[in-house]
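To start, the structure itself, in structure tokens.
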There are 2 protein chains.
Amino acid sequence: MRLATLDASAQPGKRDGMLVVVSPDGGHFAPAPVKTLQEALDNWAAVAPRLAAIGDFPQPLDPARLAAPLPRAWQWLDGSAFACHGELMDKVLGVVPEKSDRPLMYQGVSSHFYGPHDDVRFPGEEFGIDFEGEFGVIVDAVPMGTSAAEAMAHIRLIVQINDWSLRKLAGPEMKTGFGWVQAKPPCSMAPFAVTPDELGSVWADGRVCADLLVDWNGRRFGAANGAPMGHGFHELVAHAAATRDLVAGTVIGSGTVSNPNYREIGSSCIAERRGIEIVDHGAPRTDFMAFGDTVRMEGRLPDGRSPFGVIEQKVVKA
Amino acid sequence: MRLATLDASAQPGKRDGMLVVVSPDGGHFAPAPVKTLQEALDNWAAVAPRLAAIGDFPQPLDPARLAAPLPRAWQWLDGSAFACHGELMDKVLGVVPEKSDRPLMYQGVSSHFYGPHDDVRFPGEEFGIDFEGEFGVIVDAVPMGTSAAEAMAHIRLIVQINDWSLRKLAGPEMKTGFGWVQAKPPCSMAPFAVTPDELGSVWADGRVCADLLVDWNGRRFGAANGAPMGHGFHELVAHAAATRDLVAGTVIGSGTVSNPNYREIGSSCIAERRGIEIVDHGAPRTDFMAFGDTVRMEGRLPDGRSPFGVIEQKVVKA
């Protein structure tokens, strides 16, 4: 099952948009029997079968009308589960945090997720504007103390995310020990939130084993695969739920998708390429984004399908 | 004007409770003309005058029926604006972050704030359960790039908060550079959210210059004053809004209220006292909280009034 949200933010009180069920070919939709994705997640066991039973998709889907599938969430917790990404980031940010076997995670802004075609607003180019291609999951209510094994069943939907970052602010914020606030503006989501069964064997051991194709200004920049996460999403969910109940609709991210053969396949963020350049040449050569730049991201399955649809956005001055 | 929220969480779809306007003596209330505090904040300019016009408070207020004034928020950003608190915490947590003139801030869980009399659930005593007495503000919508001077007018309500912390998890999370997730379970709020004018001259330069009386298991533990914040709340709001729009209903905290004469007046959290003991005796002598312990917090004005009401809670096993 694939779900999307029609943007209705121009109407008062409609910031959560209008939930729709999307046809298998992604070209049509049917209105959902509940208003919003949050409402569906609040009562998933009862609502999901009603959504899945829809087989007639009468209306053509215009991608330009889509908001993020979850336009806002009560909680967004982002991991950093790809080890080779972390090693390069230490070089770029000039911060080498203490390493451990525990998942890395911070809480970010969740009161707004950009839709897949929205222009993305930043206060200035001088802060080092960067994209970060990720996969993410959305859970139903997860009680405090849920184990990783138990957490798997709470993963109801899988999404594709661009975790926008301001790199020049990231290092100084890390050095405070308080983590990121200014360095992490709102994220973007690809059009479709999908149930795990949509991915078949690509959803394995709590990992999205799909390629994430990233194009910057129309040129391929990266094509890393989601398989080599050091911790699966179920482990990230359990980590997040260790000392708090997770509200239904909590979004949990993988961190930048990255593979050890990054020199061949490229990267899902600019900072990582700059890290490679520091290793290879002693200094970075690739600049961060400029206003007017575009980024396109598409998760692609081995059979060629794009279950999450495409993020295609332009960076603009706020 | 003082606002409170009646707990209605037992009813489906009523997690935001029912907004009421509270009488000057705190003993009675009138139902508000909008359902929830979030709804009021979403349209504050139009709603606030209607709330302020209420002068008849027909119903007796039972403190046991109260939720947090904002039972959940789209965003909670907590500062650490009292310098003498930070210096002691460095000793307790074994982490000495890089110092700067910029505000310290992290984003915490906002999907639930405990009501003032709720039992507070933790997974175990071994994590170092601690209270943190704070003041906080609630803003209406703040556009990205708002200056500190402009931010003052966006501060619509002032609240009193207990930012519950698990100290044994705090140091290791700081060392990752990602900040706190497990170390910061949900906070509690005192019964009443008040407009700045309620505080008179006690609201000065973006600071709540009131004493925060903290009692642990019935004994006075601290009575620090909110005046000596290194950055005022308007500066914290501007810091938070530097790279993101702040959604209406964003809550921003002061961090633990602390005064340089902490040896005389005590502390607003246990960790700070442990820091003093480390300085004075080489090791901490005061244990963290045990299940069954209680904490009481009350902001008190020079004229004896308690504008925020009283937090009085027990710590229990989840």
Of (1) in contact with a His (Cβ under 8 Å, 6 or more places away or on another chain); (2) in the same structural domain as B:ARG156 (by TED's automatic domain parsing); (3) of a type outside the set (Phe, Trp, Tyr), B:SER80 satisfies every one except (1)
Within the range A:200-222, of all residues that are farther than 14 Å from A:PHE135 by Cβ and of a type in the set (Gly, Ala, Ser), the one most open to solvent (accessible area, probe 1.4 Å) is A:SER201
### Task
Return yes or no: is B:PRO69 of a type outside the set (Gly, Ala, Ser), away from every other protein chain (no Cβ under 14 Å) and surrounded by fewer than 19 Cβ atoms within 10 Å (Cβ to Cβ)?
no
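Provide a single number: the residues in the range A:130-161 that are among the hydrophobic types (A, V, I, L, M, F, W, C), over 21 Å from A:MET1 (Cβ atoms) and either in contact with a Pro (Cβ under 7 Å, 6 or more places away or on another chain) or buried (at least 24 other Cβ atoms within 10 Å of the Cβ) (or both).
Step one: filter the range A:130-161 for residues among the hydrophobic types (A, V, I, L, M, F, W, C), giving A:131, A:135, A:137-139, A:141-142, A:144, A:148-149, A:151-153, A:155, A:157-159, A:161.
Restricting the remaining residues to those that are over 21 Å from A:MET1 (Cβ atoms) gives A:131, A:144, A:148-149.
Among the residues that remain, those that are also either in contact with a Pro (Cβ under 7 Å, 6 or more places away or on another chain) or buried (at least 24 other Cβ atoms within 10 Å of the Cβ) (or both) are: A:131, A:144.
Total satisfying the criteria: 2.
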Across the range A:191-209, the tally of residues that are without any contact (Cβ under 8 Å) to a residue 24 or more places away in the chain and assigned to a strand (DSSP E or B) stands at 1
Among residues of the range A:254-272 being crowded, with 24+ Cβ neighbours inside 10 Å and of a type outside the set (A, V, I, L, M), the residue farthest from A:LYS91 (Cα to Cα) is A:SER254
Log entry, pairs with first residue in the range B:82-100 being within 13 Å of chain A (Cβ to nearest Cβ), second being assigned to a loop (DSSP other than H, G, I, E, B) and crowded, with 22+ Cβ neighbours inside 10 Å, beta carbons closer than 6 Å, six or more apart or on different chains, reads B:GLY86/B:SER80; B:VAL95/A:GLY177; B:PRO97/A:THR176; B:PRO97/A:GLY177
Sole miss for B:PRO172 among (1) in a loop (DSSP other than H, G, I, E, B); (2) over 22 Å from B:ASP42 (Cβ atoms) is condition (1)
Here, helices (runs of 4 or more DSSP H) confined to the range A:21-136 with at least 3 residues that are at pLDDT below 95 are A:83-93
Quick count over the range B:32-42, residues being under 16 Å from B:THR195 (Cβ atoms) and touching a residue at least 24 places away in the same chain (Cβ under 8 Å), is 4
Taking the range B:223-275 and keeping only residues that are within 12 Å of chain A (Cβ to nearest Cβ), in a loop (DSSP other than H, G, I, E, B) and closer than 24 Å to B:PRO71 by Cα, one is left with B:ALA241, B:ARG244, B:ASP245, B:VAL247, B:ALA248, B:GLY249, B:THR250, B:GLY255
Check your understanding: Hey, any hits in the range B:48-55 for a residue that's open to solvent by less than 20 Å² (accessible area, probe 1.4 Å) and in contact (Cβ under 8 Å) with a residue 60 or more places away in the chain?
Key -> yes
Contact list, first residue from the range A:258-282 and at positive phi, second anywhere and surrounded by fewer than 17 Cβ atoms within 10 Å (Cβ to Cβ), beta-carbon distance below 8 Å, six or more apart or interchain, is A:GLY266/A:ARG220
Flagged in the range B:276-298 as within 18 Å of B:ARG121 (Cβ to Cβ) and assigned to a loop (DSSP other than H, G, I, E, B), in numbering order, are B:PHE288, B:MET289, B:ALA290, B:PHE291, B:GLY292, B:ASP293
Filter the range B:299-316 for residues that are open to solvent by 10 Å² or more (accessible area, probe 1.4 Å) and in a strand (DSSP E or B); the one that is nearest to B:THR5 (Cα to Cα) is B:VAL310
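The values are calculated or read from the model by the stated rules, or taken from the named source; none is laboratory data. All figures in this text were calculated on a predicted structure; none of them were measured in a lab. Every residue, glycine as well, gets a Cβ built from its backbone with ideal geometry; the counts of neighbours run over all protein chains shown. Ligands, DNA and RNA are excluded from the accessible area calculation, which covers all protein heavy atoms including side chains. Shrake-Rupley method; radii C 1.70, N 1.55, O 1.52, S 1.80 Å.
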